[in-house]
Amino acid sequence: MQNANGSTAGSSSASGEASAPLRNSKRPKYSRFTQQELPACKPILTPRWVISVFTLIGIIFVPIGLAALAASNKVVEIVYRYDDDCVPPNMVNMKVAYIQNDTIDKTCTKTLKVPKHMSQPIYVYYQLDNFYQNHRRYVKSRNDAQLRKASEANETSGCDPERTANGAPIVPCGLIAWSLFNDTYSFAIRNRNLTVNKKDISWKSDRDHKFGKDVYPRNFQNSTLRGGAKLNLTKPLSEQEDLIVWMRTAALPTFRKLYGRIEQDLVINDAITVQLQNNYNTYSFSGKKTLVLSTSSWIGGKNDFLGIAYLTVGGLCFFLAVAFTIVYLVKPRKLGDPSYLSWNRNPAGH
Amino acid sequence: MMKRFVYINDDSSQNLYCDNRISNRKYTILNFLPKNLWEQFRRFMNQYFLLIACLQLWSLITPVNPASTWGPLIIIFAVSATKEAWDDYNRYLSDKQANEKEVWVVKDGIRKHIKAQDIHVGNIVWLRENDEVPCDLVLIGTSEPQGICYVETAALDGETDLKTRVLPSSCIGLTPEQLHKIKGVIECPNPDKDIRRFDSNMRLFPPFIDNDLCPLTIDNTLLQSCYLRNTEWACGVAVYTGNETKLGMSRGVPEPKLTAVDAMIDKLTGAIFLFQIVVVIVLGFAGNIWKDTEARKQWYAQYPEDGPWYELLVIPLRFELLCSIMIPISLKVSLDLVKSIYAKFIDWDEEMYDHETMTAPHAANTAISEDLGQVEYILTDKTGTLTENKMSFRRCCINGTFYGNESGDALKDVELLNAVINNVPDVIRFLTIMTICNTVVPVRSMSGNILYKAQSQDEDALVNAAARLHMVLISKNGNSLEINFNGKLIHYEILDTLEFTSERKRMSVVVKDSEDGKILLLSKGADEAILPLSYAGQQIRPFVDAVDQYAQLGLRTLCLGWRELKDDEYKDWSQAFKEARSTLVNREWKLDEVCQRLEHDLEVIGVTAVEDQLQDGVPETIETLRKAGINFWMLTGDKQKTAIQIALLCNFISSEPRGQLLFINGKTEDEVLRSLERVLLTMKITSSEPKDLAFVVDGWALEIILKQYRSVFTELAILSRTAICCRVTPSQKAQLVELLKSCDYRTLAIGDGGNDVRMIQNADIGVGISGREGLQAARAADYSIGKFRFLKRLILVHGRYSYNRTAFLSQYSFYKSLLICFIQIFFSFFSGVSGTSLFNSISLMAYNVFYTSVPVLTVVLDKDLTEKTVMQNPQILFYCQAGRLLNPSTFAGWFGRSLYHALVVFLITVHAYADEKSEMEQLSMVALSGCIWLQAFVVTIEMNSFTIFHHLAIWGNLLCFYGLNLMISAIPSAGLYTIMFRLCRQPSYWITLFLITVVGMGPVLALKYFRYTYRSSAINILQQAERSRVATFSIRDLDSQLKSIEKDVGSLASRNKFKSSVYEPLITDSPTATRRAVGPSAFDFLQPAQSRDDQNAGLLEIVCMLTE
């Protein structure tokens, strides 16, 4: 520090001012900012304030919780896990062999009962458990440029280990596309087919901007190791909606993906016959496969979590408000009493 | 010893040394990048971030785009590099200006105009009045016939008065023409940075034969950056040029000071680093196990059976990268930024502006403001720091006759005036010594008045007093000196000046009376430096008494003495003196020895007493700061008694029986040790009593103690809250600072003069007072202020706020980084421990650099208590000193909070966004929004005051978050395309966020409220008091209440490891003791406490005595 000014001293002003730099220092300019005196509000935590905040939160939370719970309860859901049921009884102990044997017919017919009236649209989901779409090796194995433009078909970086097959690039490349879900469902009610609308099940933004209208599958599922579903080679990727849905990877190992929509109401106690093609291998990692038919509400599908959480939190807030009030009434404490200061509390002298 | 030989005006030898190109630059264009990068990478944090950034380039392991680290890293580097480059460019410009300045130089016997940078060693440089000296010169000619010239050295040492520079004896009388042709050699030491010393010799060649070696001192030089004043022209030989000048050599980068807060942050960073390593090892291990057991079954992941050799490392390294954000990359930048704002606030502070001297406070070191709030020891100089350093002559004692005792002002004492008129010889002699024996330069101003330029305020006072007593120093030209006494002109010739040094503690001049040709030795100095030199048989008792008496009044005393010298005695001595002056090795020591040979058998003639008034507000400042738990040590070069009196006056110590002084003294090692041990014992015994103990030690004993009994003294230093060290040298001051620092105390040294520079530089914080002794101290200091009383505001307001703010900012930075990191860790359990990042690269980068960094910067405007409250309740500083707001346990609180918040965000998000909504981009955006909302409320709840900037930054930041993400969501190629639009349309998104906020903040609020109301800290109570004051009771009410209690307050002294649990008021002399001839025995060690009335009476009496 000695030479804080030394560096400039060699050339200090030639005018020959008698005063040294420090003495020249100008008087500070007054402003509320420089003097740290900006007008400020200083809220302090008074009992009244805190108690009312908690009460208010309680008052807001309970109705929201009730509404969310009601919405969730209104949603009718048919959940049917079929991965075990669809294995023929003689192969229960060799499920992996069963699923990997292409010669066995995987069709599986089951009947579901509608528990409540379900108004359209009814969403058909498949749910996978213990399937790590978010696995680091998996989630990155795709190439968005290739999906978007036909001209980028050779762009397969990041797609390892499904980049090329037989020396030619795969379109769409990567593990995600390769492992495309390939179970199919068809529904019938009273022997009449229930149409499942598979159009517009993916995001419009994905169809328009992420998957090219001129990109066609090429060389897909041609390698020795067969993955999941094959693609219709005549349809551009932007119309392969199952693929588009599948490629929106899930963040959690349990997830549902939209399969289609049933656009008609289902009446209570209707029996739906489901014909499944149980092709997808979840047996090797003991994953579950579940078929879900669900209506929806303003908060989405059936999910009690938000409703219960809101009610709990609202209740706790009320409880805290009451508790603080009681403590405040029983043991009042004068705020800002200087006699509480430790240096004032010591007995005079010592 | 290395020497350099400078051949005057000899072109052949000039290329041996560098030219006069000044370069303050650190970099050149070529080496800027590598050198700057190298410097930046010397910091551990930067190395760490670089390693992380490099690892991220390996795509196999990077969880996010490398840009998320490279971006901020490059920004941070670019910012500091730009700042460096800008500074360096400015230095380059100013160098250039100096280098290209035109100067007159003699070449081949002709004067020529050349650029300053082309001056070479040996050149003769001509200067005109008001020219700046371009390099270090040895003066060889001036326009003044007496062979002197005047220079202003302010740029060099900050002293603003003119200094006289004299021609070497062999150059006197040379004409300008001769000077053009002069040849010779100067033998001088290699360049060094000592601006007080230039021990060399000059020998001129024929035809300027003067076979003698002519000794040169600093008085024969013109140093670079000084200005030539009041002299038409001067010329000199360049001896040191360019960066080898005294000024250039003393440039250098001072060691950066590390604050306690910084050290704590480093420690916490280290702890987090360890934690990170543990997390990485555990998760890496778990990840590898999961991979081997589970992942191989997940056929869709296609894990190969045999991986490469480094496969085991891949997952741990991925986690290392994921967790690297635990250490916030923005912390360093944020800290630097807020620190420079703290410094600006100090510079801008109007209330610390000294209207009298027009001095604004200045923070030269912008990095250590927090330390101000953590000061535990203040070591203060006395003269000029506590006092005004504005001396006025008050009393004197001439040969046993006291003058000025009745009126308090000797100048008005009729007896003295009469004695002067009646030409009483002793009085005349006394006045003569006052007038001559000094280094004062009389300057005739335009109006014809004589002004005195003095480096020492004491000398100034003496010369002015003598002038009032009709002995006026009129002029001092070279060796001749003129005095006007009662209208009669008296001439003296100054033969030699035996300069003042802090070791000798006296100065003398040898003069020759022009009338009778008598040679006189006139001396003045400290009593212990003069009285032992009196001739055998002289009664020095009256002088000892006088010194005692004056010292007890807090006056500064000097003893004056003289002796007539015989011609041959002088001649012999003069030869020896000359030799000593021309030695190159140990010159100072040899001079001392030679001086001693002359200074003996003096006739002591009298004692002068000069008063130095206390600065405004010193007692209040000291009282307030002591209440704040700060311990004061006074280190002064002054006499013990003077020091004690001043200490009493400014509340430094209290009078008996509230306080007690313990003296450590002795001449021999044994005596000192015994005394020291006795004091220590007393200190220990009395530590439980409510007494203010202070120890007093003088330089002599201190020297022995610091050499031999350091450990005992350290023990004593820890026990005692107050100490007075008198007669200490600059290096002892610095040693004492080191001693306290070695006990892990935060020390602040404050001083105003050159003798305080070392102490100021050694202390954790150096504060300089830009005072009358020049700016040397202020230059060396981290902070410079105009008056001592501003120290209160500097510490209590600026120091405290800075500490509080940095404590919050640093912990918050860790909190927000940990928050997002914990979420990543939790997510890894849901993603097969494979090291997937939940958040995308842009979000991660923006989270660290914008969303969480901007709002918290408003902390620089945060004030927990008003300045007034802090000033009234200085004890509150204890929270800063003890580091209550930033320590491992508060940090643990923040750590827990981030863990809790991460759990809240993660669990609520994965439950609310389960099943069909569990799309990756959406879920990550929900979690990120949750973090942003939480952090906005965390900042809100932790701030104490809200200005418009707070609202702008906190809520504006939230809006920016949405604005920015909506914008990104509109770009089709972005991964986030449409995500934010989708979310904002979902009621469940908003419901989820609301839930996260309330669940996250509810407990924080409840806990804070509970602590605030039922476990209030002193800060909380004062905050409440501040508010309720407005509402219910008047300020006066509370103040009086506070004050009445504070009177006998027990303080927070208990906090300190070794300190007693109670605040001990200080005692000193009992009323009777002050009148006795004082020795340690006069101070009863264990006096029973008396009633309050007695103490007050005692104190009153002392004060009366002092003011009479």
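The values are calculated or read from the model by the stated rules, or taken from the named source; none is laboratory data. Worth saying up front: this structure is predicted, and the values here are computed from it rather than measured. Cβ: placed from backbone, ideal geometry, glycine included. Neighbour counts: every protein chain shown. Side chains included, ligands, DNA and RNA excluded: accessible areas come from the protein's heavy atoms. Shrake-Rupley method; radii C 1.70, N 1.55, O 1.52, S 1.80 Å.
Of the residues making up the stretch A:223-244, those that are not polar (S, T, N, Q) and not in a loop (DSSP other than H, G, I, E, B) are A:Leu237, A:Glu239, A:Glu241, A:Asp242, A:Leu243, A:Ile244. Checking each residue in the stretch B:87-105 for being under 22 Å from B:Gln178 (Cβ atoms) and either part of a helix (DSSP H, G or I) or of a type in the set (Gly, Ala, Ser) (or both) picks out no residue at all. Is it true that some residue in the stretch B:951-960 is assigned to a helix (DSSP H, G or I), modelled with pLDDT of 90 or more and facing chain A (nearest Cβ under 9 Å)? No; the residues of the stretch B:951-960 include none that is assigned to a helix (DSSP H, G or I), modelled with pLDDT of 90 or more and facing chain A (nearest Cβ under 9 Å). Residue check: A:Ala251 meets all listed conditions (1) open to solvent by 20 Å² or more (accessible area, probe 1.4 Å); (2) within 14 Å of chain B (Cβ to nearest Cβ) but one, namely (1). None of B:Ala53, B:Ala98, B:Ala116 is closer than 30 Å to B:Phe205 by Cα and among the small types (Gly, Ala, Ser) except B:Ala116. For the stretch A:31-40, the criterion of being closer than 30 Å to A:Gly315 by Cβ and either facing another protein chain (nearest Cβ under 7 Å) or at pLDDT 85 or above (or both) is met by no residue.
Residues that are within 12 Å of another protein chain (Cβ to nearest Cβ), in a loop (DSSP other than H, G, I, E, B), touching a Ser or Thr at 6+ places or on another chain (Cβ under 8 Å) and under 21 Å from B:Phe891 (Cβ atoms) do not occur anywhere in the stretch B:842-860. Take A:Phe305 and decide whether it is within 11 Å of chain B (Cβ to nearest Cβ), over 32 Å from the mean Cα position of the chain (by Cα) and either modelled with pLDDT of 90 or more or under 30 Å from B:Ser1028 (Cβ atoms) (or both). Spelling it out, it is not the case that A:Phe305 is within 11 Å of chain B (Cβ to nearest Cβ), over 32 Å from the mean Cα position of the chain (by Cα) and either modelled with pLDDT of 90 or more or under 30 Å from B:Ser1028 (Cβ atoms) (or both).
What about B:Asn36, is it touching an Asp or Glu at 6+ places or on another chain (Cβ under 7 Å) and more than 30 Å from B:Cys235 (Cα to Cα)? In short, yes. A single member of B:Arg789, B:Arg758 is in contact with a Pro (Cβ under 8 Å, 6 or more places away or on another chain) and open to solvent by 10 Å² or more (accessible area, probe 1.4 Å), and it is B:Arg758. Figure legend. Inter-residue proximity from the stretch B:567-580: first residues under 15 Å from B:Asp212 (Cβ atoms) and part of a helix (DSSP H, G or I), second residues open to solvent by less than 100 Å² (accessible area, probe 1.4 Å) and not hydrophobic (A, V, I, L, M, F, W, C), beta-carbon distance below 8 Å, spacing 6+ or different chains. Indicated pairs: B:Ser574/B:Asp496; B:Phe577/B:Asp496; B:Lys578/B:Pro215; B:Ala580/B:Arg587; B:Ala580/B:Lys590; B:Ala580/B:Glu593.
Residues in the stretch B:517-552 that are of a type in the set (A, V, I, L, M) and open to solvent by 30 Å² or more (accessible area, probe 1.4 Å): B:Leu533, B:Ala536, B:Ile540, B:Val544. Within the stretch B:358-401, the set of residues being within 14 Å of chain A (Cβ to nearest Cβ), in contact (Cβ under 8 Å) with a residue 12 or more places away in the chain and either part of a loop (DSSP other than H, G, I, E, B) or open to solvent by 10 Å² or more (accessible area, probe 1.4 Å) (or both) comprises B:Ala360, B:Pro361, B:His362, B:Ala364, B:Asn365, B:Thr366, B:Ala367, B:Ile368. Identify the residue in the stretch B:928-942 that is in contact (Cβ under 8 Å) with a residue 40 or more places away in the chain and open to solvent by 10 Å² or more (accessible area, probe 1.4 Å) and, among all such residues, is farthest from A:Thr34 (Cα to Cα). Only one residue tops the list, namely B:Trp933.
Scan the stretch B:106-156 for residues that are in a strand (DSSP E or B) and more than 16 Å from B:Thr245 (Cβ to Cβ) and the total you get is 18. Does the stretch A:209-222 include one or more residues that are assigned to a loop (DSSP other than H, G, I, E, B), touching a helix residue (DSSP H, G or I) at 6+ places or on another chain (Cβ under 9 Å), within 14 Å of another protein chain (Cβ to nearest Cβ) and at positive phi? Scanning the stretch A:209-222, I find at least one residue that is assigned to a loop (DSSP other than H, G, I, E, B), touching a helix residue (DSSP H, G or I) at 6+ places or on another chain (Cβ under 9 Å), within 14 Å of another protein chain (Cβ to nearest Cβ) and at positive phi, so the answer is yes. Evaluation of B:Leu51 against the conditions (1) under 19 Å from B:Ser841 (Cβ atoms); (2) in a helix (DSSP H, G or I); (3) open to solvent by less than 20 Å² (accessible area, probe 1.4 Å) shows that the sole unmet condition is (3). Evaluation of B:Asp592 against the conditions (1) of a type in the set (Asp, Glu); (2) more than 16 Å from B:Lys505 (Cα to Cα); (3) in a helix (DSSP H, G or I) shows that the sole unmet condition is (2). Would you check which residues across the stretch B:482-509 are under 42 Å from the mean Cα position of the chain (by Cα), surrounded by fewer than 22 Cβ atoms within 10 Å (Cβ to Cβ) and on the phi < 0 side of the Ramachandran plot and list them? Matches in the stretch B:482-509: B:Ile494, B:Leu495, B:Asp496, B:Thr497, B:Glu499, B:Phe500, B:Thr501, B:Ser502, B:Glu503, B:Arg504. The set of residues in the stretch B:305-339 being of a type in the set (Gly, Ala, Ser) and either touching a residue at least 12 places away in the same chain (Cβ under 8 Å) or in contact with a Leu (Cβ under 8 Å, 6 or more places away or on another chain) (or both) consists of B:Ser324, B:Ser330, B:Ser334. Here is a check on your reading of the model: is B:Asn464 in contact with a His (Cβ under 8 Å, 6 or more places away or on another chain) and of a type outside the set (Phe, Trp, Tyr)? In short, no.
Within the stretch B:309-350, if we keep just the residues that are under 20 Å from the mean Cα position of the chain (by Cα) and open to solvent by 20 Å² or more (accessible area, probe 1.4 Å), the residue that is nearest to the other protein chains (Cβ to nearest Cβ) turns out to be B:Trp348.
Hey, among the residues in the stretch B:566-591 that are hydrophobic (A, V, I, L, M, F, W, C) and surrounded by 13 or more Cβ atoms within 10 Å (Cβ to Cβ), which one's nearest to B:Glu503 (Cα to Cα)? Of everything passing the filter in the stretch B:566-591, B:Leu591 is nearest to B:Glu503 (Cα to Cα). Quick check on B:Arg42: is it within 30 Å of B:Ala271 (Cα to Cα), modelled with pLDDT under 80, charged (D, E, K, R) and out of contact with any strand residue (DSSP E or B) (no Cβ under 6 Å at 6 or more places or on another chain)? For B:Arg42, the condition - within 30 Å of B:Ala271 (Cα to Cα), modelled with pLDDT under 80, charged (D, E, K, R) and out of contact with any strand residue (DSSP E or B) (no Cβ under 6 Å at 6 or more places or on another chain) - is met. Scanning the stretch A:123-138 for residues that are in a helix (DSSP H, G or I) and either free of Cβ contacts under 8 Å to residues at least 12 places away in the same chain or within 27 Å of A:Val79 (Cα to Cα) (or both) turns up just one, A:Arg136. Checked against the criterion of being on the phi < 0 side of the Ramachandran plot and crowded, with 24+ Cβ neighbours inside 10 Å, the candidates B:Leu681, B:Leu676, B:Leu625 yield just one match: B:Leu676. The condition (being modelled with pLDDT of 90 or more, away from chain B (no Cβ under 11 Å) and open to solvent by 40 Å² or more (accessible area, probe 1.4 Å)) is satisfied by just one residue among A:Ile64, A:Ile104, A:Ile78, A:Ile59: A:Ile59.
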